[in-house]
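Just below is one structure, and these are the notes that go with it.
The values are calculated or read from the model by the stated rules, or taken from the named source; none is laboratory data. The shown structure was predicted, so the numbers you read here are calculated from the model rather than taken from an experiment. Here Cβ is always computed from backbone atoms with ideal geometry, including for glycine, and neighbour counts include all displayed protein chains.
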Amino acid sequence: MPEDFLIGPLGDPRAGDADLKAALQTATSFLTQLTKGTVDKSLLAADSVAAVSDNLSFGLKQGDIPVSARVGAPSAHENGEITAAVRLFSSVGASEGEIYLVRSGKQWLVDDVQINLDQLTVKREKSNTRFFPSPYRWLLQE
C-alpha cells in the first residue's frame, strides 16, 4: 500500500480482519463528508455527537474545510477501540491527527477526531525529506 510521509502506511480496504475493514470504511466515509464541509452525525458514537460535531463544525464554519483526506492503517487496541492516523489537506496547508472508532452493535462509529483544522490555512513548506519508497526501508533505517 502507499505511504504518507507523516502518517505512514495508508489503510488498505482489502486487507485485515472484518473489524479493521469496517472501521476504515467508517473513517473514510466520515472524512469524505468533512471534505464536503459537513459533519455526518450518523457516523458518530452517541456519547460523542455533541462534542465532536461542535468542534469540527466550528472549524468548518471558519472556512477550514479540507479538500482531501488520507487515512492511515487502522490499529485495534485491547480496550476494543480502533484508531488510525489521518491527514487532511487544503489548497495551502495540511493537518495531521488521529481518528478513534468504537463498535456500536454491528457497526463502527467515530468516537473522536483529534485534529487541528486551523492548520489547513497555514502554508505548507516544501519538504526536504528524501523520498525512499523501498519496501525494505525499515531494514535499512535501523
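I want to confirm something. Restricting to the range 89-117 and keeping residues that are hydroxyl-bearing (S, T, Y) and within 11 Å of the chain's Cα centre (by Cα), which single residue is modelled with the highest pLDDT?
That would be Y100.
Looking only at residues in the range 70-98 that are without any contact (Cβ under 8 Å) to a residue 24 or more places away in the chain, assigned to a strand (DSSP E or B) and not small (G, A, S), which one is farthest from L24 (Cα to Cα)?
Per the stated criteria, the residue is E98.
Looking only at the range 21-69, how many residues end up being small (G, A, S) and either closer than 16 Å to L117 by Cβ or free of Cβ contacts under 8 Å to residues at least 24 places away in the same chain (or both)?
Within the range 21-69, residues that are small (G, A, S) and either closer than 16 Å to L117 by Cβ or free of Cβ contacts under 8 Å to residues at least 24 places away in the same chain (or both) number 11.
Filtering the range 1-31 down to residues that are part of a helix (DSSP H, G or I) and surrounded by fewer than 15 Cβ atoms within 10 Å (Cβ to Cβ), which residue is farthest from the chain's Cα centre (by Cα)?
Initially, the range 1-31 is screened for residues part of a helix (DSSP H, G or I), giving 18-31.
Right, trim to surrounded by fewer than 15 Cβ atoms within 10 Å (Cβ to Cβ) and you get 18, 29.
On the way: A18: 19, S29: 10 Å.
Looking at the filtered set, the residue picked out is A18.
Of the numbered conditions (1) modelled with pLDDT of 95 or more; (2) buried (at least 21 other Cβ atoms within 10 Å of the Cβ); (3) among the hydrophobic types (A, V, I, L, M, F, W, C), L120 fails exactly one; give the number of that condition.
(1)
So if I check each of S48, S57, S68, S104, which one is under 29 Å from T121 (Cβ atoms) and loosely packed, with under 14 Cβ neighbours inside 10 Å?
That would be S68, the only listed residue that is under 29 Å from T121 (Cβ atoms) and loosely packed, with under 14 Cβ neighbours inside 10 Å.
If I ask for residues that are more than 27 Å from D64 (Cβ to Cβ) and in contact with a Phe, Trp or Tyr (Cβ under 9 Å, 6 or more places away or on another chain), which ones from the range 1-44 would you list?
D19, A22
Which of the residues belonging to the range 77-88 are surrounded by 15 or more Cβ atoms within 10 Å (Cβ to Cβ) and either of a type in the set (D, E) or modelled with pLDDT under 95 (or both)?
Of everything in the range 77-88, just one residue is surrounded by 15 or more Cβ atoms within 10 Å (Cβ to Cβ) and either of a type in the set (D, E) or modelled with pLDDT under 95 (or both), namely E81.
Residue under question is S57, and the condition is that it be in a helix (DSSP H, G or I), hydroxyl-bearing (S, T, Y) and under 28 Å from A18 (Cβ atoms); does it hold?
no
Suppose the filter is under 13 Å from the mean Cα position of the chain (by Cα), under 21 Å from R14 (Cα atoms), of a type in the set (G, A, S) and surrounded by 14 or more Cβ atoms within 10 Å (Cβ to Cβ); does A73 pass it?
Judged against the criteria, A73 is a match.
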